[in-house]
Amino acid sequence: MAKTPPITNQIRTLRFMAGEMTQAELGEKIGLTRQTVAAIESGKYSPTLEAAFRIAQVFEKPLEEVFQWEG
């Protein structure tokens, strides 16, 4: 059984606050597929450091406001 990654995120909330941005729209902005964004958002996949920074940059938030490490 796969262990849930110790990284949580606020992507869904931030997308909603950004005019209900879709996962596909976020994916286009950061160069990832909608499926990858969905997996990161749901906690099934931990983003690369570069992807995490790109996501934070889209929302103009510090990395630690978008992602939290529960390690």
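We did not get these values from a lab; they are worked out from the coordinates using the rules stated. Remember, it's a predicted structure, so these values are computed and weren't measured experimentally. Cβ coordinates were reconstructed from backbone atoms using ideal geometry, including for glycine residues, and neighbour counts include every protein chain displayed.
Points worth noting:
- Hz values of 3J(HN,Hα) by residue in the range 45-61 - Karplus curve (6.51, -1.76, 1.60), Gly and Pro given as x: 8, 8, x, 5, 4, 4, 4, 4, 5, 5, 4, 4, 5, 4, 8, 6, 10
- Think of each Lys and Arg Cβ as +1 and each Asp and Glu Cβ as -1; about the Cα centre, that makes the dipole of the chain roughly 220 debye.
- Annotation: amide H of Ile7 within the under-5 Å range of Glu70, sequence separation 5 or more or interchain, hydrogens built in the peptide plane.
- Cleavage-rule hits, GluC sites (Glu not before Pro), the range 11-47, DSSP coil, Cβ neighbours within 10 Å at most 16: Glu20
- From the C-alpha gyration tensor of the chain, square roots of 5λ in Å: 18, 14, 11
- Using C-alpha pairs under 8 Å with a sequence gap of at least 6, the mean separation divided by the residue count of the chain gives a relative contact order of 44 percent.
- The range 2-71: trypsin sites (Lys or Arg not before Pro) in DSSP coil with no more than 14 other Cβ atoms inside 10 Å: Lys3, Lys44
- Among Gly71, Ala38, Gln57 - extreme Cα towards positive end, dipole of the chain, charges at beta-carbon: Ala38
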